[in-house]
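Participant: Got a structure here, written out as structure tokens. Questions coming.
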Amino acid sequence: MLKAFLADESGATMIEYGLIAALVSVAAIAALTFLGSSLQKIFNNVATILTSV
């Protein structure tokens, strides 16, 4: 019974998908955080130019 339990890999695929989803989430959060500050600077520059016109 213990041998059959250790050989059972039916849940391994779901765990792998969960780890991949977590990695993608962390990468997306990091990218959005980095791009968020850049986009804020761009929109501030555009707002400054539009108010001076």
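The values are calculated or read from the model by the stated rules, or taken from the named source; none is laboratory data. Everything numeric in this text was worked out from a predicted model, so none of it was measured. Quick reminder, even Gly has a Cβ in these numbers, built from the backbone with ideal geometry, and neighbours come from all protein chains shown.
Participant: Would you check which residues across the stretch 1-34 are at pLDDT below 90, among the aliphatic types (A, V, I, L, M) and in a helix (DSSP H, G or I) and list them?
Facilitator: Of everything in the stretch 1-34, those that are at pLDDT below 90, among the aliphatic types (A, V, I, L, M) and in a helix (DSSP H, G or I) turn out to be L2, A4, L6, A7, A12, M14, I15, L32.
Participant: Which is surrounded by 10 or more Cβ atoms within 10 Å (Cβ to Cβ), more than 24 Å from the chain's Cα centre (by Cα) and of a type in the set (A, V, I, L, M), of A47, A4, A22?
Facilitator: Working: A4 fails: surrounded by 10 or more Cβ atoms within 10 Å (Cβ to Cβ); A22 fails: more than 24 Å from the chain's Cα centre (by Cα).
None of the other options fit; the residue is A47.
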